[in-house]
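Working notes, beginning with the structure itself.
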Amino acid sequence: MYYAQIKEFDIANGLGVRVSLFVSGCTHRCPECFNEIAWDFHYGKEFTEETIDYLIKAISPNHIAGLSLLGGEPMELSNQQGLLPLLRKFKEVYPQKNVWCYTGYLLEDLLEGGKVHGQYTDELLSYIDVLVDGPFILDLKNIRLKFRGSKNQRIICLQETLASKNIVLWQGN
């Protein structure tokens with residue numbers, strides 16, 4: 001897996017001050033994507049154990065609320081495997097901090113039987129607190145929306161959703 005960028009002080013991609021990892025690789029190709037350069041699966045730098053250590057250290061200050069995963073597309077099957085060691089370590093070291101993940105897939109695509117459900121998906125989803133799902137759709141773009149680009153995208157409280165088997169939307173608090 002490769003990554004395009006790491007932002008150590010991000011307030012646009014989740015609640016609070018966050019460290020954001022922009023993975024490389026995306027098959028959605030949404031028109032007017034804000035990060036088209038990261039569509040290429042080999043763009044940027046190789047994601048290594050050293051990258052994980054760097055991220056874990058960057059998340060350590062008390063003012064950092066958590067980790068955000070963006071892309072590219074974090075939930076591409078090849079990226080799921082690459083992200084799993086990071087999320088395992090993150091939740092072990094920072095159980096009080098949260099993970100936001102942005103995906104162009106719908107949650108339904110990620111669940112058992114979905115088109116991007118693979119051998120790592122269930123465990124990966126178990127570490128994600130908030131999932132922003134759905135492709136960016138230019139005709140539904142709204143710059144007033146919090147933490148998403150188009151009206152079709154949902155901000156899902158993932159663990160509550162998985163436990164109840166009903167979509168629980170984040171209420172912005």
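Within the chain, what whole-number % of the accessible surface is contributed by carbon and sulfur, with the 1.4 Å probe and all protein chains included in the calculation? Don't skip to the end; give the middle numbers.
Working: 4590 of 8870 Å².
Carbon plus sulfur share of accessible area: 52 percent.
Which whole number in µm²/s is D for the chain by Stokes-Einstein, with the Kirkwood Rh taken over Cα pairs at 37 °C and 0.692 mPa s?
In µm²/s, the coefficient is 205.
Which values of log₁₀ I(q)/I(0), to two decimal places, follow from the Debye formula for region 75-157 at q = 0.15, 0.20 Å⁻¹ with a uniform point scatterer at every Cα?
Normalising to I(0) and taking log10 leaves -0.57, -0.92.
Using Cα-Cα distances under 8 Å and only pairs 6 or more residues apart, what relative contact order does region 1-150 have, in percent? If you can, show how the numbers build up before the last one.
Working: 293 pairs, mean separation 34.7, N = 150.
So the answer I get is 23 percent.
Heavy-atom accessible area per residue, region 26-146, 1.4 Å probe: how many Å²?
On the way: 6300 Å² over 121 residues.
Accessible area per residue: 52 Å².
Beyond a 32 Å Cα-Cα separation, which of these cross-linked pairs lie in this structure: Lys45/Lys165; Lys97/Lys146; Lys91/Lys146; Lys57/Lys115; Lys57/Lys141?
Values: Lys45/Lys165 37 Å; Lys97/Lys146 20 Å; Lys91/Lys146 25 Å; Lys57/Lys115 34 Å; Lys57/Lys141 35 Å.
Listed pairs above 32 Å: Lys45/Lys165; Lys57/Lys115; Lys57/Lys141.
Give the calculated FRET efficiency between Glu49 and Ile167 to the nearest 0.05, with a Förster radius of 35 Å applied to their Cβ-Cβ distance.
Details: r = 35 Å, r/R0 = 1.01.
In this case the efficiency is close to 0.50.
Using 0.36 nm times the number of residues separating Ile37 and Leu138, minus their current alpha carbon distance, what extension gain do you get? Could you put the intermediate results ahead of the total?
Numbers: separation 101, 0.36 × 101 = 36.36 nm, distance 1.77 nm.
Value of the extension gain: 34.6 nm.
What FRET efficiency, computed as 1/(1 + (r/R0)^6) with R0 = 30 Å and r the Cβ-Cβ distance, is obtained for Ala58 and Ser126, rounded to the nearest 0.05?
Working: r = 23 Å, r/R0 = 0.76.
Given R0 = 30 Å and the Cβ-Cβ separation, E is 0.85.
Among bridges DSSP assigns within the chain, what percent are antiparallel (round to 5)? Before the final figure, lay out each step's value.
On the way: 13 of 26 bridges.
Given both bridge residues lie in the chain, the antiparallel proportion sits at roughly 50 percent.
Any chance you could list the semi-axes, whole Å, largest first, of the equivalent ellipsoid that the Cα gyration tensor gives for region 1-103, using √(5λ)?
Listed largest to smallest, the semi-axes of region 1-103 are 22, 15, 11 Å.
Please report, to two decimal places, log10 I(q)/I(0) for region 2-49 at q = 0.21, 0.27 Å⁻¹ as given by the Debye formula with identical point scatterers on the Cα atoms and no solvent.
One equal scatterer on each Cα of region 2-49 leads to -0.78, -0.99.
So for each of 2-10, 55-63 I average, over its residues, the number of other beta carbons within 10 Å; can you give me the resulting order with the highest mean first?
Numbers: 2-10: 17.9, 55-63: 13.3.
Per-residue Cβ counts within 10 Å, averaged per peptide and sorted highest first, yield 2-10, 55-63.
The values are calculated or read from the model by the stated rules, or taken from the named source; none is laboratory data. None of these values were measured; they are calculated from a predicted model. FYI the Cβ positions are ideal-geometry reconstructions off the backbone, even for glycines, and counts take in every protein chain you see. Quick note on the areas: whole protein, heavy atoms, side chains included, nothing else; ligands and nucleic acids left out. Shrake-Rupley method; radii C 1.70, N 1.55, O 1.52, S 1.80 Å.
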